[in-house]
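Let me begin by presenting the structure, written as structure tokens, before commenting on it.
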Amino acid sequence: MISRGQRILFWALLVSSVVMAVVLLRMRERAMDRLLASAESMPLNPSAGRPAQNVTMMIANDMDGSLQPATQNLALPVDGNARAHVILQHLILDYARPNSKHPIAANKGVNGIFFMTLPLDPNQVIPGTEAIVDLSASFVAAHPSGIEPETLTLLSILGTLHANFPQISQVRFLVDGQQRDTLAGHADLTRVYLATDSPGVKHL
Amino acid sequence: MRWIEERRCLAMVFILAPVLAGAQTTPPPPPPPAPPPAQPSVLKTSPRFGVVIDAAHGGTDSGARLSDHLLEKDLVLTLSVRLRSTLGAHGIYVVTTRESDGAVPALNRAEAANHVGAAACITLHATTSGTGVHLFTSSLTQIPLTRFLPWETAQGAYAEQSLRLSSEFDSALTHAEIPVTLGRTALQPLDSFTCPAVAVELSPLNISGKVTALSDPEYQDRIVAALAAAVEQWQRDWRQQP
């Protein structure tokens, strides 16, 4: 014969077990959510396990209006879009350094780059790949205003993309996914730029 | 009542005028006298040499902040007025796109400039980056000059002339010992101008670490004098064109 006290103890233990199981499941879900969130917000770090390779950056100089090539050794991801993103992020990071000859305050840089194979329209005459560079609003807000600094930034991006992705024939610019008239009040962002618009090491 | 009478008379005139005119044209007109034989034109009437000065920005669009107390829109307006006065004193016809701190859309600026049929269009800007004066022409490639041009790329028909005008400014500024940077850019309303056009962007003078601010009156005088000299030289070249 089971005593009343034992029955009460049994049911109490059973209920507490169920409650603990529910709590543990909920905690596990929360831990998974936190893990996924932290993975998404991590900086783009493609270097894990990837060999470094030489990348050409076209570095702008405000004092003489020139673009000079500079080589950096970077570990890049396999995917073309991600690779271009990493290269441009490093380019913009260079401009945020204190001794930069084309200073742009620290900012989020580029949201992303997307490649599209041309021609999208059968009547289009330019073959190759179009790159859509989605600049961040913080980059635009931090950018100095003026024809020269804005033009140099665009040409620096064009030249860097062209040097590392020769298949790119034209480039469009967006800001946070939207079309915008100018970069910082001057250089036209509504037009499509040819990748060959960048004059390389020559003056602008 | 007199007013009504006058109106009646006027109405009669308007009603009868076409009838009378028709009556006059009813008989076949006599043949016009034979025109005199064509003479070779010795005196060619040359169009007026006009210059458009476009002070960039204005109104809520203040442009670059050049210092705590100086905005790009104000500096370029001041220089626009001074350059207009200097050129006017030399007998050059000048049209400006803005005379006050008001917002003027790029479309209106291009309309005003293109209406003049100017021999030179100068759009004035200023920045804190770089040194000296930056001269920019449109990055559009040369296209044939036709009666109708696409509005947003009309400057393409004047690309080569704009480069020559830029070279004129380059020479004058270099002569005034002001560093010059040459470049090409995509800029509105420059790309819509149907005239030889140059964007002149002023920046502080930085020579061997010695910086002269854009607000310096002597520096501004040198720039205005050099730009005026370039326009006068352009006028002389323009007159010699066939």
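The values are calculated or read from the model by the stated rules, or taken from the named source; none is laboratory data. Please read all numbers here as calculations on a predicted model, not as lab measurements. FYI the Cβ positions are ideal-geometry reconstructions off the backbone, even for glycines, and counts take in every protein chain you see. With ligands, DNA and RNA removed, areas are computed over all heavy atoms of the protein, side chains included. Shrake-Rupley method; radii C 1.70, N 1.55, O 1.52, S 1.80 Å.
Any residue that is small (Gly, Ala, Ser), within 14 Å of chain A (Cβ to nearest Cβ) and open to solvent by 20 Å² or more (accessible area, probe 1.4 Å) - is there at least one of those in region B:111-133? No; the residues of region B:111-133 include none that is small (Gly, Ala, Ser), within 14 Å of chain A (Cβ to nearest Cβ) and open to solvent by 20 Å² or more (accessible area, probe 1.4 Å). The set of residues in region A:145-181 being surrounded by 20 or more Cβ atoms within 10 Å (Cβ to Cβ), facing chain B (nearest Cβ under 10 Å) and not in a helix (DSSP H, G or I) consists of A:145, A:146. Of all the numbered requirements in (1) in contact (Cβ under 8 Å) with a residue 24 or more places away in the chain; (2) more than 10 Å from every other protein chain (Cβ to nearest Cβ); (3) not in a loop (DSSP other than H, G, I, E, B), residue B:182 misses one, and that requirement is (2). Take residue B:139 and tell me if it is at pLDDT below 95 and within 25 Å of residue A:188 (Cβ to Cβ). Spelling it out, residue B:139 is indeed at pLDDT below 95 and within 25 Å of residue A:188 (Cβ to Cβ). Give the residue that is most open to solvent (accessible area, probe 1.4 Å), with candidates limited to residues of region A:185-195 that are more than 8 Å from chain B (Cβ to nearest Cβ) and farther than 20 Å from residue B:151 by Cβ. By that ranking, first place goes to A:194.
With respect to residue B:172, is the statement that it is hydrophobic (A, V, I, L, M, F, W, C), more than 11 Å from chain A (Cβ to nearest Cβ) and surrounded by 20 or more Cβ atoms within 10 Å (Cβ to Cβ) true? Yes; evaluated as a whole, the condition is true for this residue.
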